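As structure tokens, the structure follows; a few thoughts come after it.
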Amino acid sequence: MIEAQPLVVATPKAPAGAASGRVIAKALRDNALLAFPPEAFEEEVVCRSFFGRQQIIINRPAGIHHILVESPDNYRRTPATMRMLRPLLGNGLLLSQGVDWQHQRRTVAPAFAARTMPLLAGHVARAAAATVAGLAGSVEGPVDLLAAMQSLALEIAGTSMFSLAMERYRPELRDLITRYTAGLGRPSLLDFLLPLAIPSPRDLARRRVRRRWVDLIGRIIAERREKASQAAPRDLFDLLSTARDPESGAQFSAEGLVDQVATLITAGHETTGVALFWSLWLVAAAPAVQKRLAAEVAAFDLGPDNAAEDLPQLVYTRAVVHEALRLYPPAFTLVRQAKHADEAGGIPLPAGAIVFISPWVLHRHRRLWAQPEVFDPARFLPGAPAPDRFAYLPFGVGPRVCIGAQFALTEAILVLATMIKAFKIERADDKPVEPVAIVTTQPDHPPLFRLQPRR
């Protein structure tokens with residue numbers, strides 16, 4: 001019997017050697033993965049100059065622990081990050097800072113407590129079953145699973161948030177997000193150079209996008225308010241709209257609720273949609289992994305009434321999702337600017353330094369992983385050696401860890417299991433797929449797949 005060859009994935013890297021500020025800025029605009037030089041995947045610290053400021057790529061676990069866990073208040077999001085993300089996310093949980101962020105975090109946290117997962121798992125299972133039924137009618141020809149998973153993730157975000165079918169809003173939502181990330185969401189040179197208080201020409205255009213986006217989210221909220229819950233809570237909107245800060249008792253303002261809803265819909269469905277795509281792409285290229293997955297999921301119902309109970313038993317499916325998140329983390333980098341001079345794990349950081357803590361780099365770092373470019377879900381099975389806590393960061397870490405991490409994992413595991421239970425999945429062609437990072441880690445084109453229904 002011939003043993004299956006492991007699947008090895010390529011790692012796009014910048015050319016070796018020092019790069020100018022303009023070259024780095026161009027990479028961050030076109031494909032941020034090319035902003036990380038080859039030495040970043042070998043060394044603990046890489047320093048370079050970026051228009052007079054120090055840029056420091058940190059892979060040392062002790063340094064990451066210090067920045068994200070011990071001293072997060074000394075590190076803020078950069079002006080460029082705020083310029084690019086604020087039009088869609090406003091001053092929601094992802095971008096708020098200081099006391100405002102603390103209030104938001106305390107208020108939102110109960111909506112994502114463990115007791116809400118069965119409610120959310122039911123929403124996921126219903127949406128996944130509907131997607132499978134729709135795809136079953138497309139088995140005669142190639143299928144675009146990137147579009148299918150993005151639509152499914154948006155539907156799950158909408159139904160779990162609002163208990164509303166999203167067909168009416170999906171085209172406008174996807175069009176706004178897609179156009180923004182392909183255009184104004186890409187940083188220009190002025191985005192890096194200008195202080196946040198000075199608007200660039202692109203900022204003026206971003207404000208117009210912001211007005212359209214707030215109007216759209218407002219219309220969705222208005223429709224949901226007209227359909228008041230008879231047996232609350234039935235979705236995240238019920239939980240958020242009635243949530244109170246446990247310390248102050250304050251609720252979200254109307255504007256604050258819009259920003260929270262926008263953050264959860266945008267950040268949630270964009271990241272989970274691409275995570276599901278990469279999981280399916282890897283599984284389609286690794287028949288032995290897919291065969292083992294199919295054997296595991298065949299024993300489970302995965303319907304809305306049983307999804308929460310089935311979830312803990314999908315051990316190999318969970319491992320596949322974690323390995324896909326390792327190789328293709330949707331949130332490919334965390335960028336922070338030091339407010340004051342500091343030392344992180346023995347690394348001196350001057351005031352104003354731009355710090356990159358990049359899951360894309362950490363997850364493929366040769367000192368932190370054995371054969372980092374090999375797709376091997378066994379890394380995450382029970383009994384396998386655990387990776388360093390600060391070498392695997394698909395959801396960040398510390399006080400600002402992704403509040404929806406468990407929901408995202410629940411969604412990814414249940415959808416992957418449902419897809420593999422329904423179909424044998426194969427690539428329709430052998431054209432290489434390259435990851436491109438702008439806002440999330442996307443494929444450079446939507447590859448096509450063939451779906452064969454399982455008996």
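The values are calculated or read from the model by the stated rules, or taken from the named source; none is laboratory data. None of these values were measured; they are calculated from a predicted model. Please note: Cβ atoms are built from the backbone with ideal geometry, for glycine as well, and neighbour counts cover all protein chains shown. The protein model used for the area step is the full one, side chains on, heavy atoms only, and it has no ligands, DNA or RNA in it. Shrake-Rupley method; radii C 1.70, N 1.55, O 1.52, S 1.80 Å.
Going by accessible surface with a 1.4 Å probe and the largest first, LEU194, LEU120 read LEU194, LEU120. Amide H to amide H, with H built 1.01 Å from N, SER358 comes under 5 Å of ILE58, LEU334, counting only residues 5 or more places away or on other chains. In sequence order, region 108-123 has phi-based couplings of 7, 3, x, 5, 10, 5, 4, 5, 8, 4, x, 4, 5, 4, x, 4 Hz under the Karplus curve 6.51 cos²θ - 1.76 cosθ + 1.60, θ = phi - 60°, and Gly or Pro positions carry x. Applied to region 332-342, the Karplus parametrisation 6.51 cos²θ - 1.76 cosθ + 1.60 on θ = phi - 60° returns per-residue 3J(HN,Hα) values of 7, 7, 10, 10, 9, 10, 6, 6, 10, 4, 7 Hz, with x for Gly and Pro.
Each residue, GLU140 and LEU196, gets one label point 7 Å from its Cα in the Cβ direction; the gap between the two is 5.5 nm. Net charge dipole, region 227-378: roughly 560 debye, given to the nearest 20, about the Cα centre with Cβ charges of +1 for Lys and Arg and -1 for Asp and Glu.
Sequence-distant contacts, meaning Cα pairs under 8 Å at least 6 residues apart, place the relative contact order of region 179-299 at 14 percent. Between the listed residues PRO432, PRO348, VAL361, the Cα displaced farthest toward the positive end of the dipole of region 340-455, a dipole computed from Cβ unit charges relative to the Cα centre, is found at PRO432. Determine the share of region 276-414's accessible area contributed by carbon and sulfur atoms, expressed in whole percent, with a 1.4 angstrom probe. So the carbon and sulfur contribution to the accessible surface is 56 percent.
Note that region 216-221 has calculated 3J(HN,Hα) couplings of 5, 4, x, 5, 5, 4 Hz, one per residue in order, obtained from phi through the Karplus relation 6.51 cos²θ - 1.76 cosθ + 1.60 (θ = phi - 60°); glycine and proline are x. Magnitude of the charge dipole for the chain, about its Cα centre and with charges confined to Cβ atoms of Lys, Arg (+1) and Asp, Glu (-1), is about 940 debye.
Gain on full extension, evaluated as 0.36 nm per residue between ALA228 and VAL69 minus their Cα-Cα distance, stands at 53.2 nm. In a simple Cβ point-charge model (Lys, Arg +1; Asp, Glu -1; nothing else charged), region 21-172 has a dipole of about 580 debye relative to its Cα centre. Contact order for region 226-378, expressed relative to its length and based on alpha carbon pairs under 8 Å spaced 6+ residues apart, stands at 17 percent. Placing unit charges on each Cβ (+1 for Lys and Arg, -1 for Asp and Glu) gives the chain a dipole about its Cα centre, and among GLY398, THR78, ALA384 the Cα reaching farthest toward its positive end belongs to THR78.
Note that region 210-293 presents 43 Å² accessible area per residue, ligands and nucleic acids not counted, probe 1.4 Å. Mean sequence separation of contacting Cα pairs (under 8 Å, at least six apart), scaled by the length of the chain, corresponds to a relative contact order of 28 percent.
Only helices enter the 222 nm calculation for the chain: every DSSP H run of n ≥ 4 contributes -39,500 (n - 2.57), and dividing by all residues gives -14500 deg cm²/dmol, rounded to 500.
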